[in-house]
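Chemist: Here it is: the structure, laid out below.
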Number of protein chains: 2
Amino acid sequence: VLQSLFRFPDLSRADLARLTELTPATISQLVGELIDEGLVEAAGRGPAKVGKPPTPLRLVSDSRHLVCVDLSDTDAFRAAVVDMAGKVVHRESVDRGDATGEHAVELVGGLIQATLAATTKPVLGIGLGTPGVVDAAGTVVEAVYLDWFDVPLRQLMARRFDLPVHVCNDANTAVLAEYSFGEETGTNLMVIKVGPGIGAGLLVDGRPHLGENFSAGEIGHIIVDEDGPPCRCGKRGCLESFIAVPELRSALAHAADPQQVRAEAGQSLGVVLAAAVSILDIHEIVLAGPSDLLDEAFREAALETIRARTLASLSRSDAVRIRHSTLGDDIVLLGAGVLVLSQELGVA
Amino acid sequence: VLQSLFRFPDLSRADLARLTELTPATISQLVGELIDEGLVEAAGRGPAKVGKPPTPLRLVSDSRHLVCVDLSDTDAFRAAVVDMAGKVVHRESVDRGDATGEHAVELVGGLIQATLAATTKPVLGIGLGTPGVVDAAGTVVEAVYLDWFDVPLRQLMARRFDLPVHVCNDANTAVLAEYSFGEETGTNLMVIKVGPGIGAGLLVDGRPHLGENFSAGEIGHIIVDEDGPPCRCGKRGCLESFIAVPELRSALAHAADPQQVRAEAGQSLGVVLAAAVSILDIHEIVLAGPSDLLDEAFREAALETIRARTLASLSRSDAVRIRHSTLGDDIVLLGAGVLVLSQELGVA
């Protein structure tokens, strides 16, 4: 019922019965409970030709607050109070400095505490998007630059704040945000998050795909050119060596022809996307990262490379689309909110 | 209930009630109906410490026949009568010669007719695995070497034989067969079908993934080496130019060092698989094709290439596995059977 109202506002009880295939009596009972909890409200009177007009129902999007945390920025940890419609109500942040390990965990705890203090509605839960590999228990298995290895972040924060806590990889939260709050999209979607590292978040047939070891979308170290620049990982020509933010900024600073650098960066992403498009037949690719780097030249070069390297019928001009997210820098933050909504209310 | 008995034979009514979360009364009713239809039988008496011993139940695997058709071989169309446990009861085949278009459709119809004549049990349905892109209506959108474009194969055969018909791309039926009748596997699985072309069948989180345009797994024209051999499609260095059966046989026939040719072929597949493993975090890769070509040197080269071209933690030795299918040449045929089972009975 909540999922129907989240996706389609202004449904009547009769609409809900049809959509959910539950009996009108059950729907009335459920809707009554949701209204009592303040989650749902009647939104005026709808039109009806004869008899009692149906009452359109709506999710009360500011009846609960979500505490959302984005740890994907190297300089600062960011947080926000967000309502159920994805509206940011209040922001907090804390400089990370060079904090790693337990110190970084402590900073996250303090940030959540400050953000919770700014909530004015019952808090549905806390969501965190973090770099690295995160398992089903919300333990950060590996986040190299934070020096986190097997850090039970969910458990630590749940104990401290006595609220539901959900933790997910930053690219995987980004794809949730794009699906729920971004441009209208299909059920197959790939968000490429370009930051200090490169991660992809995948929605496959309407469901987040995390992979066998929660490492799906770890595309940063696919080799795109064996003769490419050396990478931090010890190999040459990994995708990250071309398009990770520090690497790309540095290449642009030293380049005689910056447009050439951008085009090469876009091509290197295109090599990986050509494989992704061929394997998954995915049409919707969303870029999330600094807009000065991921500019039109970059986007065009990536798209042309996909076309040049796949079967013509897969990537013909009207099929594959690469676009920027309209959610800007808030994509991970909002995704952390969707994570809470989907886990606590079953809506997304 | 059928799905539980398909996966776990010898369950009692009480086991089924627990597994399906249905009431014992509903289970008794359902099981009664299935026994009346001959689909389920009691399999002797089970042990019980006190009271009436529970009756283990089983799917009667030879109570229905499936008519399965494999169109993926260039020389011959093959068919079989298969029981619900994947046992081949009878085989038929017809030389394709150079039949294409309507002539090829006519051959398929004749083959099905001959196969139906050999069934001795009620026929649950007809399943076909075909090369090319197949849409949700069972229309072959494009199968180049058969010169089929928008051929409504499912509709044509359903009309002619008045039975349920299901049509799917050959690599996609192969992954169904491997999941249901192959070695024990997880819920993420990729079958690489090496034949006149190269196709991959994908199981993602336990469900077949077909893609936005039913073209998922069309990996044959991903470019793996821009300086590679010319490909039929007009580009250079596509995966098919290295490992499609005619191309690989021809390269081996002319090679001074055949082991080198096999290793290069394996490497070219490894380049594509490195991307697949990184994007999907998939651990189980199954090879289906001529075993003299896809030998140990080929398999090893592919695996080494994956390791060399991905993040170490993704592809460490105990994670990614490449193996041959134990189903041999019958993989598409059996997959066509699973297609019927899953569509008609909801089991797989």
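The values are calculated or read from the model by the stated rules, or taken from the named source; none is laboratory data. All values derive from a computational prediction rather than experimental measurement. FYI the Cβ positions are ideal-geometry reconstructions off the backbone, even for glycines, and counts take in every protein chain you see. Just the protein is used for accessible areas: all its heavy atoms, side chains included, with ligands, DNA and RNA removed. Shrake-Rupley method; radii C 1.70, N 1.55, O 1.52, S 1.80 Å.
Chemist: Just the residues that are open to solvent by less than 10 Å² (accessible area, probe 1.4 Å), assigned to a loop (DSSP other than H, G, I, E, B) and either within 11 Å of another protein chain (Cβ to nearest Cβ) or in contact with a Phe, Trp or Tyr (Cβ under 9 Å, 6 or more places away or on another chain) (or both), please, taken from segment A:223-256. Steps first, answer last, please.
Modeler: Our first condition is that a residue be open to solvent by less than 10 Å² (accessible area, probe 1.4 Å); within segment A:223-256, this holds for A:228, A:237-239, A:243-244, A:248.
With assigned to a loop (DSSP other than H, G, I, E, B) added as a condition, the list becomes A:228, A:237, A:244.
If the condition is that a residue be open to solvent by less than 10 Å² (accessible area, probe 1.4 Å), assigned to a loop (DSSP other than H, G, I, E, B) and either within 11 Å of another protein chain (Cβ to nearest Cβ) or in contact with a Phe, Trp or Tyr (Cβ under 9 Å, 6 or more places away or on another chain) (or both), then A:Gly228, A:Gly237 are the ones that fit.
Chemist: If you go through segment A:202-218 one residue at a time, do you hit one that is surrounded by fewer than 22 Cβ atoms within 10 Å (Cβ to Cβ), touching a Gly at 6+ places or on another chain (Cβ under 6 Å) and without any contact (Cβ under 8 Å) to a residue 12 or more places away in the chain?
Modeler: For segment A:202-218, residues surrounded by fewer than 22 Cβ atoms within 10 Å (Cβ to Cβ), touching a Gly at 6+ places or on another chain (Cβ under 6 Å) and without any contact (Cβ under 8 Å) to a residue 12 or more places away in the chain: absent.
Chemist: Answer yes or no as to whether B:Ile198 is crowded, with 19+ Cβ neighbours inside 10 Å, farther than 20 Å from A:Leu280 by Cα and among the hydrophobic types (A, V, I, L, M, F, W, C).
Modeler: no
Chemist: Still on this model: Which residue out of A:Ile331, A:Ile279 is surrounded by 24 or more Cβ atoms within 10 Å (Cβ to Cβ), out of contact with any strand residue (DSSP E or B) (no Cβ under 6 Å at 6 or more places or on another chain), at pLDDT 95 or above and among the aliphatic types (A, V, I, L, M)?
Modeler: A:Ile279
Chemist: Report yes if some residue within segment B:94-110 is closer than 30 Å to B:Val60 by Cβ and either of a type in the set (S, T, N, Q) or open to solvent by 50 Å² or more (accessible area, probe 1.4 Å) (or both); otherwise report no.
Modeler: Checked against the condition, which is being closer than 30 Å to B:Val60 by Cβ and either of a type in the set (S, T, N, Q) or open to solvent by 50 Å² or more (accessible area, probe 1.4 Å) (or both), segment B:94-110 yields no hits at all.
Chemist: Okay, next question. State whether one or more residues within segment B:286-295 are without any contact (Cβ under 8 Å) to a residue 12 or more places away in the chain, more than 14 Å from chain A (Cβ to nearest Cβ), exposed (fewer than 15 other Cβ atoms within 10 Å of the Cβ) and part of a helix (DSSP H, G or I).
Modeler: No, segment B:286-295 contains no residue that is without any contact (Cβ under 8 Å) to a residue 12 or more places away in the chain, more than 14 Å from chain A (Cβ to nearest Cβ), exposed (fewer than 15 other Cβ atoms within 10 Å of the Cβ) and part of a helix (DSSP H, G or I).
Chemist: Restricting attention to segment A:201-222, and to residues there that are outside any loop (DSSP other than H, G, I, E, B) and within 7 Å of another protein chain (Cβ to nearest Cβ), which single residue is modelled with the lowest pLDDT?
Modeler: The qualifying residue modelled with the lowest pLDDT is A:Arg207.
Chemist: Against the definition (closer than 16 Å to A:Trp148 by Cα, open to solvent by 60 Å² or more (accessible area, probe 1.4 Å) and charged (D, E, K, R)), how does A:Asp75 come out, yes or no?
Modeler: no
Chemist: Of A:Gln267, A:Gln260, which residue is without any contact (Cβ under 8 Å) to a residue 24 or more places away in the chain, more than 11 Å from every other protein chain (Cβ to nearest Cβ), more than 23 Å from the chain's Cα centre (by Cα) and part of a helix (DSSP H, G or I)?
Modeler: Working: A:Gln267 fails: without any contact (Cβ under 8 Å) to a residue 24 or more places away in the chain.
Criteria check complete, one pass: A:Gln260.
Chemist: In segment B:8-41, which residue that is open to solvent by 60 Å² or more (accessible area, probe 1.4 Å) and touching a Pro at 6+ places or on another chain (Cβ under 8 Å) is modelled with the lowest pLDDT?
Modeler: In this case the residue turns out to be B:Pro9.
Chemist: Let me ask something additional. Go through (1) touching a residue at least 40 places away in the same chain (Cβ under 8 Å); (2) more than 20 Å from B:Leu66 (Cβ to Cβ); (3) part of a helix (DSSP H, G or I) and name the single condition B:Ala136 misses.
Modeler: (3)
Chemist: When you scan segment A:51-94 for strands (runs of 3 or more DSSP E) that lie fully inside it, which ones turn up with 2 or more residues that are closer than 16 Å to A:Leu327 by Cβ? Talk me through it step by step, then tell me what you get.
Modeler: On the way: elements: A:57-59, A:65-70, A:76-83.
Answer list for segment A:51-94: A:65-70, A:76-83.
Chemist: Right, something else. Within segment B:128-178, restricting attention to residues that are among the acidic types (Asp, Glu) and out of contact with any helix residue (DSSP H, G or I) (no Cβ under 6 Å at 6 or more places or on another chain), which residue is most open to solvent (accessible area, probe 1.4 Å)?
Modeler: B:Asp162
Chemist: Now, a different point. Based on this model, can you work out whether B:Ala312 counts as within 14 Å of another protein chain (Cβ to nearest Cβ) and either part of a strand (DSSP E or B) or closer than 29 Å to A:Glu226 by Cα (or both)? Lay out the reasoning, then the answer.
Modeler: Values: within 14 Å of another protein chain (Cβ to nearest Cβ): yes; either part of a strand (DSSP E or B) or closer than 29 Å to A:Glu226 by Cα (or both): yes.
In short, yes.
Chemist: If I ask for residues that are within 10 Å of chain A (Cβ to nearest Cβ) and either open to solvent by 20 Å² or more (accessible area, probe 1.4 Å) or among the small types (Gly, Ala, Ser) (or both), which ones from segment B:179-195 would you list?
Modeler: If the condition is that a residue be within 10 Å of chain A (Cβ to nearest Cβ) and either open to solvent by 20 Å² or more (accessible area, probe 1.4 Å) or among the small types (Gly, Ala, Ser) (or both), then B:Gly186, B:Thr187 are the ones that fit.
Chemist: Might you check whether a residue that is touching a strand residue (DSSP E or B) at 6+ places or on another chain (Cβ under 9 Å), more than 22 Å from B:Pro131 (Cα to Cα) and not β-branched (Val, Ile, Thr) occurs anywhere in segment B:188-197?
Modeler: yes
Chemist: Right, something else. What number of residues in segment A:272-284 are in contact with a Leu (Cβ under 8 Å, 6 or more places away or on another chain) and either within 7 Å of chain B (Cβ to nearest Cβ) or within 22 Å of A:Asp225 (Cα to Cα) (or both)?
Modeler: Of the residues in segment A:272-284, 7 are in contact with a Leu (Cβ under 8 Å, 6 or more places away or on another chain) and either within 7 Å of chain B (Cβ to nearest Cβ) or within 22 Å of A:Asp225 (Cα to Cα) (or both).
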